[in-house]
Each structure stands twice: as structure tokens, then as C-alpha cells.
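Worksheet: the structure to be examined is printed underneath.
FYI, it's all coordinate maths here, none of it is from the lab. Owing to the predicted nature of the structure, the values given are computational and were not obtained by experimental measurement. Note that each Cβ is placed from the backbone with ideal geometry, even for glycine, and that neighbours are counted across all protein chains shown.
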Amino acid sequence: MSKITNLINYISTRSISLSAPREGKRNFRKFVIANKRGSQIHKQQQMSASRELEIDKRGVRDTGYYQNGRFVTVPEMIPELIVPDLKDFDLKPYVSYRADDVIQSEFTAQQLFDAVYSKKIVNDYKQGKLDAEGNPLEPSEDEKLQPEEAVNRAKRTGSDIF
């Protein structure tokens, strides 16, 4: 009998909270949400109204910089698409599904060395253009490169390293 009365008393009692009413609510202004709606003009109007909002550009780089509150466009920073002229081109712009599959093994460091340096090393050896340590007496441009300069050349635009 006492268990039932305790259960009824527990259910029927009310509690009073003395905490602030905003403590339990979430402040959504601190959460960064990517802009998914609205035109670019609308977003810029929001930016001018309050500088707290930040436009999510989704990886697109600016084509200029801000100077004294104004945007200065730099023509060199505007992307330029270079497309070849295919006016009198005989081949089709696609590959047929009937084309044979090309199976090629991975290009190893040994194969790269053989393709680039082996002929010059053999020619230098046959012509006696190596010193006592085996280094070339007349090194080519590639052989003169320092490691840092080779890495910088590999990271330049147009190289095949991505």
C-alpha cells in the first residue's frame, strides 16, 4: 500500500525551475551553416547589412582583393579556359565502347630512371666523361637541379603531379 501512495505522490508533484528560460534553448547564431538559398546579390545585401554573416564560396577563389572597402578586380586572377580549335579535326570527341582495353603496368621509379638518365650515363661512360667518383664532367640541366628546385618544378602549373 505504501508503494502505491509513493508512486502517486511522485507523479502528482510539481517542480519549480529557477533557471533562466533561455538556458535550455539553443543559440543558432553560433552555428555556421552553408548558404544554400538566395542569389549572390541577396547574400551581398545581407553582408552589407551585417558583417557577422559570412558567404560560403564553396571553394571558389576571388578574382581580386578588397582595398579600402572596395573590391579591386585583377584581370590576371580571372580564370581563362584554353580550348583547342577542332574545326578541321578528323577524330570524334569520344572513345567508342568497341575500343580495345589498354592494360599497362604501373610506371616504376626504375623505369623512369631508365627512360630519362640511362642513355646519357651509358654515353658518358663510353666517351670517358665521368670523374673518379662516377659523376658526369658535363652535367645536363636536370642533373644540376637541387632537390628543392626539383620539387618546385614538379608543383608548377602544367606538371602532371596533382
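Odds and ends about this structure:
- Full extension of the chain segment joining Asp85 with Gln46 gains 9.7 nm, where the gain is 0.36 nm per residue of separation less the Cα-Cα distance.
- Going from the residue with the fewest nearby Cβ atoms within 10 Å to the one with the most, Ile82, Ile41, Ile121 rank Ile82, Ile41, Ile121.
- Based on the Kirkwood approach, the hydrodynamic radius assigned to region 112-154 is 11.4 Å, with every pair of different Cα atoms included.
- Fully extending the segment from Ala150 to Ala99, taken as 0.36 nm per residue of separation minus the present Cα-Cα distance, adds 14.6 nm.
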